[in-house]
Amino acid sequence: GTSPSQAIARRVRWERDVWGLFLSLDIPLVAAVHGYVLGSGLEMAMLCDIRIAAEDAVFGLPETRLGMLPAAGGSQTLPRVIGTGPALDLLLTGRRINAIKAYDLGLVTRVVPRDQLMDQAREVVEAILASDAEGVRRTKKAVQYGMDMALTDALEMEAHMAVALFRARRSP
């Protein structure tokens with residue numbers, strides 16, 4: 001076979017660098033999406049912690065129809081977000097789904113009228129900001145680390161993190 005062109009290789013590296021930045025942040029990321037959320041746009045949204053969609057949003061990963069693999073993490077993030085079966089359906093067929101179906105699959109957590117999208121996103125961000133910052137950071141970290149562990153190990157890790165946070169709060 002032939003290797004990908006220099007331009008495609010550069011694009012994939014850049015996307016992975018941006019994606020790595022998203023994954024390395026310990027602050028919550030909220031995506032507010034509307035219109036066509038396809039390919040890399042959907043892959044970027046899946047790296048966010050909370051996804052809010054306008055009613056007009058259309059989601060899909062069309063890469064397989066184009067003879068490509070989602071190269072910015074879609075084959076790995078989509079199954080983690082919505083489960084293997086539904087992810088394979090979308091990945092292998094390249095079909096598009098509307099915002100309500102995306103909500104039903106757990107791809108987005110809220111669907112709102114387009115004119116309320118940014119207000120809803122702001123409300124979510126404000127609710128997070130109203131919480132204790134260290135508690136939010138550690139909770140996000142617990143979820144991220146725990147997803148790759150057996151449940152018993154994850155529960156133990158959560159308990160250790162809770163005690164560490166409690167101790168940090170008590171020390172002067």
I'd like to check which helices (runs of 4 or more DSSP H) are fully inside segment 59-156 and have at least 3 residues that are closer than 30 Å to residue 169 by Cα, open to solvent by less than 80 Å² (accessible area, probe 1.4 Å) and at pLDDT below 90.
133-146
Quick check, is residue 31 out of contact with any Gly (no Cβ under 8 Å at 6 or more places or on another chain), at pLDDT 75 or above and not in a loop (DSSP other than H, G, I, E, B)?
yes
Selection count, segment 157-172, where residues are exposed (fewer than 15 other Cβ atoms within 10 Å of the Cβ) and in contact with a helix residue (DSSP H, G or I) (Cβ under 9 Å, 6 or more places away or on another chain):
4
Given the condition closer than 18 Å to residue 92 by Cβ and more than 14 Å from the chain's Cα centre (by Cα), answer yes or no: does some residue in segment 42-60 qualify?
yes
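Would you call residue 38 at pLDDT 90 or above, in contact with a Ser or Thr (Cβ under 9 Å, 6 or more places away or on another chain), open to solvent by less than 60 Å² (accessible area, probe 1.4 Å) and more than 26 Å from residue 133 (Cα to Cα)?
Numbers: at pLDDT 90 or above: yes; in contact with a Ser or Thr (Cβ under 9 Å, 6 or more places away or on another chain): no; open to solvent by less than 60 Å² (accessible area, probe 1.4 Å): yes; more than 26 Å from residue 133 (Cα to Cα): yes.
When the stated conditions are applied, residue 38 does not pass them.
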So residue 133 passes all but one of these: (1) closer than 30 Å to residue 65 by Cα; (2) over 17 Å from the mean Cα position of the chain (by Cα); (3) of a type in the set (A, V, I, L, M). Which condition number does it fail?
(1)
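The values are calculated or read from the model by the stated rules, or taken from the named source; none is laboratory data. Note that this is a predicted model, so its numbers are computed, not measured. Note: ideal-geometry Cβ built from the backbone for every residue, glycine included; neighbour counts use all protein chains shown. Only protein heavy atoms, including side chains, enter the accessible area calculation; ligands, DNA and RNA are left aside. Shrake-Rupley method; radii C 1.70, N 1.55, O 1.52, S 1.80 Å.
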